[in-house]
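All remarks here apply to the structure that follows.
The values are calculated or read from the model by the stated rules, or taken from the named source; none is laboratory data. A quick note: this is a predicted structure, and the numbers were derived from the prediction, not measured. Using ideal geometry, Cβ is built from the backbone for each residue, glycine included, and neighbour counts are taken over all protein chains shown. When the accessible area is computed, the model is the full protein with side chains, heavy atoms only, and any ligands, DNA or RNA have been set aside. Shrake-Rupley method; radii C 1.70, N 1.55, O 1.52, S 1.80 Å.
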Amino acid sequence: MKRNPSSITHHASRITHHSPLGSFLRAVTAIAWKDLAAELRSRELLSAMLVFALLVILIFNFALELDFKTRSTVTAGVLWVTFAFAGTLGLNRSMAIEKDRGCLDGLLLAPVDRSVIYFGKAISNLVFMFIVEAIVLPVYSVLYNTNLFNLGLIGVILLGSVGYVAVGTLLASMAVQARTRDVLLPILLFPVVLPVLVAAVKASNGLLQGLEMAEIMPWLNLLIVYDVIFIAIAFMVFDYVVEE
Amino acid sequence: MERQPLILQILNILSAVLLAIAACLVFFYAPLELVMGNVQKIFYFHVANAWVGMLGFVAAAVAGIAYLRTHDMKWDILEMAAVEISLVFFLIAIVTGSIWAYPAWGTWWTWDPRLTTAAILEMIYLAYLLLRQGIEDPERRARFGAVYTLIGGLSVPLTFLSIRLFRTIHPALIGTASSAAQGGFDMSAPMKLTFFFSLFTFSLIFVVLLWHRIRLGRLAEKVEQLKLNVMQ
């Protein structure tokens with residue numbers, strides 16, 4: 001009986017490794033889970049992001065005189081600037097930890113595709129960002145007596161954070177390998193993440209002001225296009241960023 | 001150091017002559033624009049500068065992709081050359097644009113898509129230079145530079161689009177009904193000739209500068225190599 005040898009080995013590999021997608025996803029969750037577990041114990045990254053975010057809001061209060069009239073027009077801008085600033089803090093820290101203690105080399109030795117590391121880190125960064133946003137939103141609502149519990153706004157924040165973290169994780173892994181790393185990330189990140197910030201601010205503002213969906217849709221489309229393009233591009237080029 | 005090749009020497013002189021002719025055309029041949037008068041003449045060099053900036057921007061992104069595919073240092077040198085030239089020419093375009101905008105729009109600067117995108121491009125180039133400065137290993141520097149030009153090359157069109165969703169007042173060259181009101185105008189035949197002549201001249205200058213910068217890049221690479229040899 002004639003059998004194709006490759007089908008045998010393929011079958012054997014299926015038994016030990018399950019499906020390729022399944023093992024990819026398990027590796028991604030393992031990396032993300034490692035970050036979340038470490039954060040759960042130390043809480044140093046989240047607490048820094050949170051305190052910083054609250055301080056930014058406090059500063060905006062005095063810088064812009066957030067009285068009732070200004071508030072209605074600038075709330076979206078204040079929120080996104082806060083998220084962006086707190087986000088760089090988290091991104092930088094999360095990559096610096098990997099680099100400083102030689103963890104990145106360990107991760108690179110793992111017999112998995114390099115993009116697994118990217119997606120794992122991006123997911124844990126995204127979770128940190130969501131946690132900060134989930135705390136900042138109600139605090140802002142209470143402090144400024146503005147109702148921010150709007151399903152559309154939450155959707156915009158999800159989409160915007162995904163784009164921000166997709167590029168941010170990639171650039172942070174470059175920035176930590178440079179000599180000037182502490183100052184480099186925001187300089188690299190802000191000019192290329194501008195479309196996300198513009199679209200997110202405009203869409204959030206539209207939703208808070210109760211504009212019609214037809215006026216908000218172009219911004220949402222832009223956010224989705226940006227997310228898709230940059231997740232794909234980061235997936236393709238991450239190999240070059242961590243290559244040794 | 002090796003001597004400049006003959007073609008490059010010829011091109012050096014040719015580009016200087018063409019630039020002089022272009023300036024003469026702008027000042028003496030091109031007719032005075034009816035509404036804006038003399039200040040309109042800056043348009044010929046302004047658009048040509050912005051065009052060269054765009055050429056450099058595209059060349060840098062293409063060189064970045066080529067580097068990531070081949071890992072050949074010559075692409076890195078081309079990318080660096082294109083970025084530096086583009087940085088300078090966009091700056092000139094922004095300054096000449098401001099000189100024109102003050103009498104035409106009554107303000108030095110507005111947050112129009114083209115202006116904002118040009119400013120963002122300058123920021124991306126500066127970030128690119130800072131990134132390269134912070135990395136010693138030439139091979140890693142080349143990889144990171146290529147990745148960053150690629151990301152910049154993708155995000156800049158989206159930036160343009162995102163700001164375009166606001167209203168624009170920058171004149172579009174191919175006249176729409178409202179462009180005249182924003183400072184647009186129809187070009188007569190002598191104007192067109194002057195315009196395309198400047199465009200050609202500046203494209204040539206771009207090539208010449210790129211060539212010189214690539215030679216400089218090769219030299220710098222050699223020096224870096226020698227330095228490494230001495231240290232070992």
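Filter region A:175-219 down to the residues that are of a type in the set (A, V, I, L, M) and not in a helix (DSSP H, G or I) and list them by number.
A:Val176, A:Ala178, A:Leu211
Within region A:209-218, is even one residue under 19 Å from A:Ala84 (Cβ atoms) and either within 11 Å of chain B (Cβ to nearest Cβ) or open to solvent by less than 60 Å² (accessible area, probe 1.4 Å) (or both)? It would help to see each step written out before you state the result.
Going through region A:209-218, the residues under 19 Å from A:Ala84 (Cβ atoms) turn out to be none.
No, that holds for no residue.
Kindly establish whether B:Leu150 is open to solvent by 30 Å² or more (accessible area, probe 1.4 Å), modelled with pLDDT of 90 or more and at the interface with chain A (Cβ under 10 Å from one of its Cβ atoms).
In short, no.
Search region A:219-231 for residues being within 10 Å of chain B (Cβ to nearest Cβ) and either under 14 Å from the mean Cα position of the chain (by Cα) or open to solvent by less than 50 Å² (accessible area, probe 1.4 Å) (or both), and hand back the single one that is nearest to A:Lys99 (Cα to Cα).
Among them, the one singled out is A:Phe230.
Just one of A:Tyr164, A:Tyr144, A:Tyr140 is in contact (Cβ under 8 Å) with a residue 40 or more places away in the chain, within 17 Å of A:Gly90 (Cβ to Cβ), open to solvent by less than 50 Å² (accessible area, probe 1.4 Å) and away from every other protein chain (no Cβ under 11 Å); which is it?
Of A:Tyr164, A:Tyr144, A:Tyr140, the one residue that is in contact (Cβ under 8 Å) with a residue 40 or more places away in the chain, within 17 Å of A:Gly90 (Cβ to Cβ), open to solvent by less than 50 Å² (accessible area, probe 1.4 Å) and away from every other protein chain (no Cβ under 11 Å) is A:Tyr164.
Tell me which residues, restricted to region B:103-120, are touching a Phe, Trp or Tyr at 6+ places or on another chain (Cβ under 6 Å) and not in a loop (DSSP other than H, G, I, E, B). Full working, then the answer.
Initially, region B:103-120 is screened for residues touching a Phe, Trp or Tyr at 6+ places or on another chain (Cβ under 6 Å), giving B:108, B:113, B:117-118.
Residues satisfying the conditions are B:Pro113, B:Thr117, B:Ala118.
Does A:Val132 satisfy the criteria of being away from every other protein chain (no Cβ under 14 Å) and surrounded by 17 or more Cβ atoms within 10 Å (Cβ to Cβ)?
yes
Identify all residues within region B:125-134 that are open to solvent by less than 10 Å² (accessible area, probe 1.4 Å) and at the interface with chain A (Cβ under 7 Å from one of its Cβ atoms); write none if there are none.
Correct list: B:Ala127, B:Leu131, B:Gly134.
Residue-wise test of (1) open to solvent by less than 10 Å² (accessible area, probe 1.4 Å); (2) of a type outside the set (Phe, Trp, Tyr); (3) free of Cβ contacts under 8 Å to residues at least 24 places away in the same chain.
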| residue | (1), (2), (3) |
| --- | --- |
| B:Asp72 | no, yes, yes |
| B:Trp75 | no, no, no |
| B:Glu79 | yes, yes, no |
| B:Leu87 | no, yes, no |
| B:Ser98 | no, yes, yes |
| B:Ala101 | yes, yes, yes |
| B:Trp108 | no, no, yes |
| B:Pro113 | yes, yes, no |
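Sort through B:Ala66, B:Ala50, B:Ala81 and tell me the only one that's over 16 Å from B:Ala142 (Cβ atoms), small (Gly, Ala, Ser) and part of a helix (DSSP H, G or I).
Exactly one residue qualifies, and that residue is B:Ala50.
Kindly indicate which of B:Ala101, B:Ala118 is more than 9 Å from chain A (Cβ to nearest Cβ) and either among the β-branched types (Val, Ile, Thr) or under 15 Å from A:Leu194 (Cα atoms) (or both). Write out each step before concluding.
Values: B:Ala101 fails: either among the β-branched types (Val, Ile, Thr) or under 15 Å from A:Leu194 (Cα atoms) (or both).
When all the criteria are applied, what remains is B:Ala118.
Return the residues of region A:22-76 that are under 30 Å from A:Ile216 (Cβ atoms), under 23 Å from the mean Cα position of the chain (by Cα) and either open to solvent by 90 Å² or more (accessible area, probe 1.4 Å) or of a type in the set (Gly, Ala, Ser) (or both); say none if nothing qualifies.
Across region A:22-76, the qualifying residues are A:Ala53, A:Ala76.
What about A:Leu184, is it over 17 Å from the mean Cα position of the chain (by Cα), open to solvent by 10 Å² or more (accessible area, probe 1.4 Å), under 27 Å from B:Thr117 (Cα atoms) and among the hydrophobic types (A, V, I, L, M, F, W, C)?
no
Which of (1) more than 22 Å from A:Leu36 (Cα to Cα); (2) at the interface with another protein chain (Cβ under 8 Å from one of its Cβ atoms); (3) modelled with pLDDT of 90 or more is the odd one out, the single condition A:Leu170 does not satisfy?
(1) is the only condition that A:Leu170 fails.
Any residue in region A:219-238 that is touching a residue at least 12 places away in the same chain (Cβ under 8 Å) sitting within a Cβ distance under 9 Å of a residue that is outside any helix (DSSP H, G or I) and open to solvent by 30 Å² or more (accessible area, probe 1.4 Å)? List the pairs, counting only those 6 or more apart or interchain.
As it stands, the answer is A:Trp219/B:Leu165; A:Leu222/B:Leu165, since those pairs meet every condition given.
A:Gly155 - would you say it is under 28 Å from A:Phe235 (Cα atoms), assigned to a helix (DSSP H, G or I) and open to solvent by 10 Å² or more (accessible area, probe 1.4 Å)?
Taking the combined requirement at face value, the residue satisfies it.
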